[in-house]
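Everything below concerns the one structure shown next.
Every read-out reported here was derived from the displayed coordinates using simple, explicitly stated rules and does not represent laboratory data. All values derive from a computational prediction rather than experimental measurement. Quick reminder, even Gly has a Cβ in these numbers, built from the backbone with ideal geometry, and neighbours come from all protein chains shown.
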Amino acid sequence: MDIPFIRFAFPVLILYLFWNTFIVNPWVDEAGEEASSNPNYISPNAARELLEQSRSLILKAEYQAALTPLLRLHKAFPEDHIYIAQLGETYDRLEMYKEGAEMWELYLQYAPTPVDGCPQIAFDYQKQGKDREAFKAFERCWMIEADADTIFFYGHALEMDGQFAKALKLYRDGIKRAPNYPDIQIGLARVLARLGESAEAKPGIDKVLQRRPDNVDALLAAGMVYSGLGDPRTALVHLRHAQKLAPQDNDVRQVLARVSRQAASQ
């Protein structure tokens with residue numbers, strides 16, 4: 001049946017589709033538009049090829065060569081945290097710590113889980129001799145996410161900065177969260193010994209040494225604790241063991257000399 005309405009409606013529909021498609025919502029080649037506006041643009045296929053190339057070079061430990069495709073990817077996608085992290089890791093392997101720190105700064109800015117850039121960002125500042133920047137980076141990492149690792153590293157930074165009361169508070173928080181984290185237990189014992197609370201530190205450091213009798217940091221902390229308890233002979237046993245394991249350790253050497261004088265005076 002020939003219905004006049006349908007004969008009239010069909011060409012109107014065609015005209016509407018034409019008008020909507022080509023006038024109101026014209027199709028745009030997004031790749032072409034991005035390529036024209038971004039001189040560093042690369043296609044998804046090219047990006048995959050560059051990523052494969054960089055990973056292959058990294059697996060072969062050809063880190064300098066791997067920088068070329070990684071930098072090309074970073075220029076094309078400057079906010080992509082995956083490429084930023086790979087660049088940061090590659091710079092670190094090349095001991096290019098200034099460039100590595102710059103990448104980890106970007107990682108903290110763009111990554112969905114920025115804490116994954118910790119503590120490497122602080123280590124890169126340390127390798128440059130930038131102690132204050134490293135301290136601030138440890139603090140920033142702790143502020144991003146207070147987990148056992150960030151607590152330990154920031155607590156240790158506070159301890160090395162002489163802020164023992166703050167370090168003690170942080171280590172105690174760390175012990176509550178991760179009671180079997182050995183580095184936090186050792187740090188807590190060291191700070192307690194420095195603050196004249198060796199009696200409180202003794203059970204914890206003894207427990208660590210039962211599990212890790214050759215841990216140099218634990219042996220050093222035990223030397224400090226037993227010295228603080230007025231038992232330099234036991235302290236010397238731990239410190240001499242530590243010196244055998246790490247003869248170049250300056251901290252062990254200094255505490256050993258001090259405790260040796262203490263023992264000689266008794």
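Summary of values
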| read-out | value |
| --- | --- |
| Charge dipole (debye, nearest 20) of the chain; +1 at Cβ of Lys and Arg, -1 at Cβ of Asp and Glu | 1520 debye |
| Gain on full stretching of the segment that runs from residue 43 to residue 212 - 0.36 nm per residue minus C-alpha separation | 55.6 nm |
| Alpha-carbon centroid distance for the pair the range 156-176 / the range 220-244, whole angstrom | 22 Å |
| Three-way shape label, the range 148-200, alpha-carbon gyration tensor, a/c 1.5 | oblate |
| For the range 124-134, 3J(HN,Hα) per residue [Karplus equation, 6.51 cos²θ - 1.76 cosθ + 1.60, θ = phi - 60°, Hz, x = Gly/Pro] | 5, 5, 4, 5, 8, x, 9, 5, 5, 5, 5 |
| More than 24 Å apart - percent of Cα-Cα pairs taken over the chain | 65 percent |
| Principal-axis tilt of helix 97-110 within the chain, Cα atoms, nearest 10 degrees | 60 degrees |
| Whole-Hz ³J(HN,Hα) from phi, Karplus 6.51 cos²θ - 1.76 cosθ + 1.60, for the range 156-166, glycine and proline x | 5, 4, 4, 4, 5, 8, x, 8, 5, 5, 5 |
| Whole-number Å³ per residue for the convex hull built on Cα positions in the range 43-125 | 81 Å³ |
| Estimated translational D of the range 164-266 in µm²/s (Stokes, Kirkwood radius over Cα pairs; 37 °C; 0.692 mPa s) | 245 µm²/s |
| Where Cα atoms sit under 23 Å apart: lysine pairs in the chain separated by 8 or more or lying on different chains | 16 |
| Fewest-first sequence of 49, 159 by Cβ atoms within 10 Å of each Cβ | 49, 159 |
| Crossing angle, helix 182-194 versus the chain [Cα axis fit, 0-90 degrees, rounded to tens] | 50 degrees |
| Calculated FRET efficiency for the pair residue 132/residue 199, C-beta based, R₀ 30 Å, to 0.05 | 0.30 |
| Cβ-derived FRET efficiency at R0 22 Å, residue 251 paired with residue 146, nearest 0.05 | 0.20 |
| Rounded FRET efficiency, nearest 0.05, which uses the C-beta distance separating residue 229 from residue 75 and R0 of 51 Å | 0.25 |
| Chain lengthening between residue 62 and residue 139 when straightened (0.36 nm per residue, less Cα-Cα) | 24.3 nm |
